[in-house]
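Peer 1: Dumping the structure here so I can ask a few things about it.
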Amino acid sequence: MRYLTFALAKGRLAKDSLAMFEKIGITCEEMKDKGSRKLIFTNEELGMRFFLAKASDVPTYVEYGAADIGIVGKDTLLEEGRKLYEVMNLGMGNCRMCVCGPKSAQELLKHHEMIRVATKYPAIAKDYFYNKKHQTVEIIKLNGSIELAPIVGLSEVIVDIVETGATLRENGLDVLEEICPLSARMVVNQVSMKRENDRITKLIHDLRTLLQEENQ
Ligand code: PRP
């Protein structure tokens, strides 16, 4: 049997999705060894392999077929724009992509002024401002702690993920506009979807059943 290979976005999402897989009988004992430096973990009985990757690389592995299945946030899927099938909303990691800033920046958004937007998600920010709002902006790519940008005067607003809103509150910033809701998704390589249709369809069915039971 050919291995079914899973790419999981490192961090809480990987932990939560593995816990979800366990509930439908997909386990990977090898992965639980915290001291291990191994990068890929196998369950020979199930014919499955799992590896952890940086979230933004998960869609790349799946598009090229190095992984059949990926678990990653919708934010990353929108930003990377890879060719793959998004088959399921896993209903975890729920948050929102928003334009945020000090309240005073609200006016700048209303009047379509030329402003600077700092973000880890330049493609999402560009699509929102250029295609939806028709506002010309300068997009500045950052790699983390995006909330700093309006505080130190790098930009007027930011485009970033808001989960609890605590980071914004503690830094005197607000949600000014909501771009879209986000959550974890399961994605599948387009060729794998045909070649491994039975196994992948069963997996999706089992996960859907689990989610329905848990939501009852
Ligand atoms: C994310 C996001 C916000 C924060 C939102 O950052 O970029 O900063 O979480 O969560 P909250 O609304 O619950 O406060 P993350 O911790 O992933 O790190 P980063 O700053 O490196 O992006």
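Peer 1: How many of the residues in segment 177-199 are over 11 Å from Glu86 (Cβ atoms), of a type in the set (Val, Ile, Thr) and either touching a His at 6+ places or on another chain (Cβ under 8 Å) or not in a helix (DSSP H, G or I) (or both)?
Peer 2: Looking only at that region, the number is 1.
Peer 1: Please work out which residue is surrounded by the most Cβ atoms within 10 Å (Cβ to Cβ), limiting yourself to segment 162-184 and to residues that are near the ligand (Cβ under 8 Å from one of its atoms) and hydroxyl-bearing (Ser, Thr, Tyr).
Peer 2: If we take residues in segment 162-184 being near the ligand (Cβ under 8 Å from one of its atoms) and hydroxyl-bearing (Ser, Thr, Tyr), then Thr167 is surrounded by the most Cβ atoms within 10 Å (Cβ to Cβ).
Peer 1: Take segment 102-161 and flag every residue that is among the aliphatic types (A, V, I, L, M), surrounded by fewer than 21 Cβ atoms within 10 Å (Cβ to Cβ), within 12 Å of the ligand (Cβ to nearest atom) and not in a helix (DSSP H, G or I).
Peer 2: Within segment 102-161, Leu142, Ile161 qualify.
Peer 1: Here are Thr76, Thr60: which of them is at negative phi and without any contact (Cβ under 8 Å) to a residue 24 or more places away in the chain?
Peer 2: Values: Thr76 fails: without any contact (Cβ under 8 Å) to a residue 24 or more places away in the chain.
That would be Thr60, the only listed residue that is at negative phi and without any contact (Cβ under 8 Å) to a residue 24 or more places away in the chain.
Peer 1: Given the conditions (1) among the hydrophobic types (A, V, I, L, M, F, W, C); (2) over 14 Å from Glu177 (Cβ atoms); (3) out of contact with any helix residue (DSSP H, G or I) (no Cβ under 9 Å at 6 or more places or on another chain), which single one is not true for Phe129?
Peer 2: Among (1) among the hydrophobic types (A, V, I, L, M, F, W, C); (2) over 14 Å from Glu177 (Cβ atoms); (3) out of contact with any helix residue (DSSP H, G or I) (no Cβ under 9 Å at 6 or more places or on another chain), the lone unmet condition for Phe129 is (2).
Peer 1: Which of the residues that make up segment 32-66 are assigned to a helix (DSSP H, G or I) and out of contact with any helix residue (DSSP H, G or I) (no Cβ under 6 Å at 6 or more places or on another chain)? First the steps, then the outcome.
Peer 2: Of the residues in segment 32-66, the ones assigned to a helix (DSSP H, G or I) are 32, 55-63.
Across segment 32-66, the qualifying residues are Lys32, Asp57, Val58, Thr60, Tyr61, Val62, Glu63.
Peer 1: Let me ask you something else. Tell me which residues, restricted to segment 4-17, are part of a helix (DSSP H, G or I) and open to solvent by less than 40 Å² (accessible area, probe 1.4 Å). If you could, list the steps in order and put the result at the bottom.
Peer 2: We begin by selecting, within segment 4-17, every residue part of a helix (DSSP H, G or I); these are 12-17.
Hits for segment 4-17 are Leu13, Ala14, Ser17.
Peer 1: Considering only residues that are among the aromatic types (Phe, Trp, Tyr) and more than 20 Å from His205 (Cβ to Cβ), which ones fall in segment 1-24? Before you say what the answer is, go through the steps one by one.
Peer 2: Looking only at segment 1-24, we keep the residues that are among the aromatic types (Phe, Trp, Tyr), and these are 3, 6, 21.
The answer is Tyr3, and nothing else.
Peer 1: Restricted to segment 25-55, and to residues that are small (Gly, Ala, Ser) and surrounded by fewer than 16 Cβ atoms within 10 Å (Cβ to Cβ), which residue is farthest from Lys202 (Cα to Cα)?
Peer 2: As a first pass, look at segment 25-55 and keep what is small (Gly, Ala, Ser): 25, 35-36, 47, 53, 55.
Checking which are surrounded by fewer than 16 Cβ atoms within 10 Å (Cβ to Cβ) leaves us with 25, 35-36, 47.
Numbers: Gly25: 12, Gly35: 33, Ser36: 31, Gly47: 14 Å.
Across segment 25-55, the extreme among qualifying residues is Gly35.
Peer 1: Another question, if that's okay. Among the residues of segment 197-216, write down those that are free of Cβ contacts under 8 Å to residues at least 12 places away in the same chain and of a type in the set (Asp, Glu).
Peer 2: Of everything in segment 197-216, those that are free of Cβ contacts under 8 Å to residues at least 12 places away in the same chain and of a type in the set (Asp, Glu) turn out to be Asp198, Glu213, Glu214.
Peer 1: Can you name every residue in segment 66-96 that is among the polar types (S, T, N, Q) and open to solvent by less than 60 Å² (accessible area, probe 1.4 Å)?
Peer 2: First, pick out the residues of segment 66-96 that are among the polar types (S, T, N, Q): 76, 89, 94.
Listed by number, the list holds a single entry, Thr76.
The values are calculated or read from the model by the stated rules, or taken from the named source; none is laboratory data. Keep in mind that this is a model prediction, so the values were computed, not measured. Ideal geometry is used to build each Cβ from the backbone, glycine not excepted, and the neighbour counts take in all protein chains shown. In case anyone asks, the SASA skips ligands and DNA or RNA and just uses the protein heavy atoms, side chains included. Shrake-Rupley method; radii C 1.70, N 1.55, O 1.52, S 1.80 Å.
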